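A.B. asks: Once you've had a glance at the structure underneath, I'll fire off some questions.
Just so it is clear, none of the values below were taken in a lab; they were calculated from the coordinates. Keep in mind that what you see is a predicted model, and the values were worked out from it rather than measured. Positions of Cβ are backbone-derived with ideal geometry, glycine not excepted, and every protein chain shown enters the neighbour counts.
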Amino acid sequence: MPSSPFIRVDRFSFWYGAKQVLHNICLDIPENEITAFIGPSGCGKTTLLRNINRMNDLVDGIKHEGDIFIDGQSLYDPTVEVISLRKRVGMVFQKYNPFPKSIYENVIFSLRVAGRNGKSELDEVVEQSLRGAALWDEVKDKLHESAFGLSGGQQQRLCIARAIANRPQILLMDEPCAALDPVATLKIEELMIGLKKEFTIVIVTHNMEQARRCADRTAFFYLGKLIEFRPTLNLFNTPQDPQTEAYVRGKFS
């Protein structure tokens, strides 16, 4: 493990009201790798993911203890502005959610919001982002048509293009293939492997084979606790904890 991890989760606990859902999580995530969070439903993996860009701030009655650092800076430092944080930490959700706009306007939505309207810049960002999402060749002749005309897999890749348009440092992906067929899933997995050259990727997945195929490291969570975090093949082939072994061998879900 590197001495200075890009994302450091330091003794982090989290509550929704009176219910504690994360317990003293310590986790060091390297830069430019894919880290997978696996575990049964309700184990806390998505809650932790959503704390890396402070999306849980939008929920009433939350509290936390401990800290999360990105590149050495606490996310909870009073000087950290949440909107700026979310520009550094892009997010792709389980259900593809393009806006009711053209393909072009979907990609550059965040730039428009920031007041960046120069046509040459926007054109460049659209092409760069769609190429990054392995979608350019499929849509370059229909950029001004509705995003809803795309297939599900294409819509999810469009959402990835939208997430990387601002060139974030980190890309969070919450079960990005859950609503996709196997062919589209493989395209997204290939895309993630290519994108880690530019971005640090953290993915929540229920698909253990997906974690095996894509992730450099995998963290197994159970009942709000981090049970084991190791290089992916080591975790799957020689799990060190009996709970990890039971989960990866399919003995509970």
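A.B. asks: Through the Karplus equation 6.51 cos²θ - 1.76 cosθ + 1.60, θ set to phi - 60°, convert the phi angles of the stretch 205-220 into ³J(HN,Hα) values in whole Hz; use x for Gly and Pro.
C.D. replies: 8, 8, 8, 5, 5, 5, 4, 4, 6, 10, 7, 6, 9, 9, 10, 9
A.B. asks: Please report, in debye to the nearest 20, how large the charge dipole of the stretch 7-152 is about its Cα centre when each Lys and Arg carries +1 at its beta carbon and each Asp and Glu carries -1 there.
C.D. replies: 460 debye
A.B. asks: Using 32 Å as the Cα-Cα cut-off, could you pick out the over-long pairs in Lys87/Lys251; Lys187/Lys251; Lys63/Lys197? Could you put the intermediate results ahead of the total?
C.D. replies: On the way: Lys87/Lys251 40 Å; Lys187/Lys251 29 Å; Lys63/Lys197 34 Å.
Those over the limit are Lys87/Lys251; Lys63/Lys197.
A.B. asks: What percent do you get for the relative contact order of the chain when only Cα pairs under 8 Å and 6+ apart count?
C.D. replies: 27 percent
A.B. asks: Would you mind pulling out the separation of the Cα centroids of the stretch 132-151 and the stretch 186-253, in Å?
C.D. replies: Each part reduced to its Cα centre gives a spacing of 31 Å.
A.B. asks: Indicate, rounded to the nearest 5 percent, the antiparallel portion of the DSSP beta bridges found entirely in the chain.
C.D. replies: 60 percent
A.B. asks: Excluding Asn237 itself, what net charge comes from residues whose Cβ is under 15 Å from its Cβ, given Lys and Arg +1 and Asp and Glu -1?
C.D. replies: 0
A.B. asks: Additional query: On the Cα set of the stretch 1-94, report Rg and Dmax in Å, please.
C.D. replies: Values for the stretch 1-94 (Cα only, Rg and Dmax): 13.0, 36 Å.
A.B. asks: Sticking with this one: How much net charge surrounds Gly224 when only the other residues with a Cβ under 11 Å from the Cβ of Gly224 are counted, with Lys and Arg +1 and Asp and Glu -1?
C.D. replies: +3
A.B. asks: Continuing with this model, one more query. What does the net charge come to around Val183 if you take all other residues with beta carbon closer than 14 Å to its beta carbon, with K and R at +1 and D and E at -1? List each step's numbers first, then the result.
C.D. replies: Details: positive: Arg157, Lys187; negative: Glu138, Asp181, Glu189, Glu190.
Spelling it out: positives minus negatives among the neighbours equals -2.
A.B. asks: Still on this structure, I have one more. Among (1) 19.1, 61; (2) 17.5, 54; (3) 18.3, 57, which is the computed Rg and Dmax of the Cα atoms in Å?
C.D. replies: The value computed from this structure is option (3).
A.B. asks: Could you calculate the contour length gain from Lys142 to Gln73, that is, 0.36 nm times the residue separation minus the distance between their Cα atoms, to one decimal place in nm?
C.D. replies: Numbers: separation 69, 0.36 × 69 = 24.84 nm, distance 4.15 nm.
Result for the pair: 20.7 nm of gain on full extension.
A.B. asks: Further question: Between Glu121 and Arg249, what is the label-to-label distance in nm when each label sits 7 Å out along the Cα-to-Cβ direction?
C.D. replies: With each label placed 7 Å out from Cα toward Cβ, I get 5.7 nm.
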